[in-house]
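Participant: Pasting a structure here, questions to come.
Coordinate-derived values only; no laboratory data. Computed from a prediction, not measured in an experiment: that's the story for all the values here. Cβ placement follows ideal geometry from the backbone for every residue including glycine, while neighbour counts extend to all protein chains displayed.
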Amino acid sequence: MSWRRVESSADREQAAAEAGEASAEAALAFALPMDDPAEPSTDLTAAAFFDVDNTMMMGASMFHFARGLAARDYFNTSDLAGFVWQQLKFRVGGREDPQSVKAMREQALSFVAGRSVAELVSLGEEIYDELMVDRIWTGTQALAQKHLDAGQRVWLVTATPVELAQIIARRLGLTGALGTVAESENSIYTGRLVGDLLHGKAKAQAVRALAAKEGLNLRRCTAYSDSANDVPMLSVVGNAVAVNPDSGLRETARRRGWEVRDFRTGRKAAKIGVPSVLGAGVLAGAVAVGMAYRRRHA
């Protein structure tokens, strides 16, 4: 039993490394070109990394995407309800079990198995306009713009599929995105992940891999997140900022002297962990949307 646990841990580490490397390669393949590197204003060795859910965007980007897919009949109401239930178990509980999160994301990816990458990218563009564009935190977007104005590259880092993450980054005028890479063959999704979900340690691996490829000095880089699950990513850069932090990250930020930015209204919201409550609300909304759609088109 002990040997199996060690093997399992090693496998997870390997999967995280594979996910990080694949994400970095995908990010660079679709990144916006830099301004002339010879320009004095271009900062070649520093960059900023932003988590998406509840950091750059209110709620979870994958839920908004799932709602959009449900409205387009990609899966039925019971599928969506099961997807929602897995989220509620760790969102309301305040704890994300890696295996549960991976199972939930793979369940979502299974709905697109057999679909073309181009089709999902087109849908992502539509769903961003319908459900996401008005959910961007203007305060966080302003922080990203400051880095761009300083001549630095700005990357999103998220467990959301990389194609959707790249759409969000492009619409916000950012450099690009690190995200979960879904396996495809001949531009058709297989429904499997490359490596693992870009979550926890995998995010840190992706940031390291991108920094190595781009010649970044991580001590000069900055990372932003709302979640204690992103402490590994926040810890690999020289400047960590907690944005709309959950209770765990707020405590970590206090101990380590990290900066805290809270764009939610009211101090109570910051203390009681509104991201979990809002997450539950988004999930309930997703179910309602799916059911309403079914009733209208029955």
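Participant: What is the order of Tyr74, Tyr189, fewest Cβ neighbours within 10 Å to most? Present the calculation step by step, with values, prior to reporting the outcome.
Facilitator: Details: Tyr74 16, Tyr189 22.
Starting with the residue having the fewest Cβ neighbours, the order is Tyr74, Tyr189.
Participant: If we sort 128-134, 59-65, 152-158 on the protection proxy, mean other Cβ atoms within 10 Å, highest first, what's the order?
Facilitator: Working: 128-134: 16.0, 59-65: 23.3, 152-158: 27.1.
Result, highest mean first: 152-158, 59-65, 128-134.
Participant: Give me the one-decimal nm value for the distance between modelled label points at Glu126 and Ala10, 7 Å along each residue's Cα-to-Cβ direction.
Facilitator: 4.7 nm
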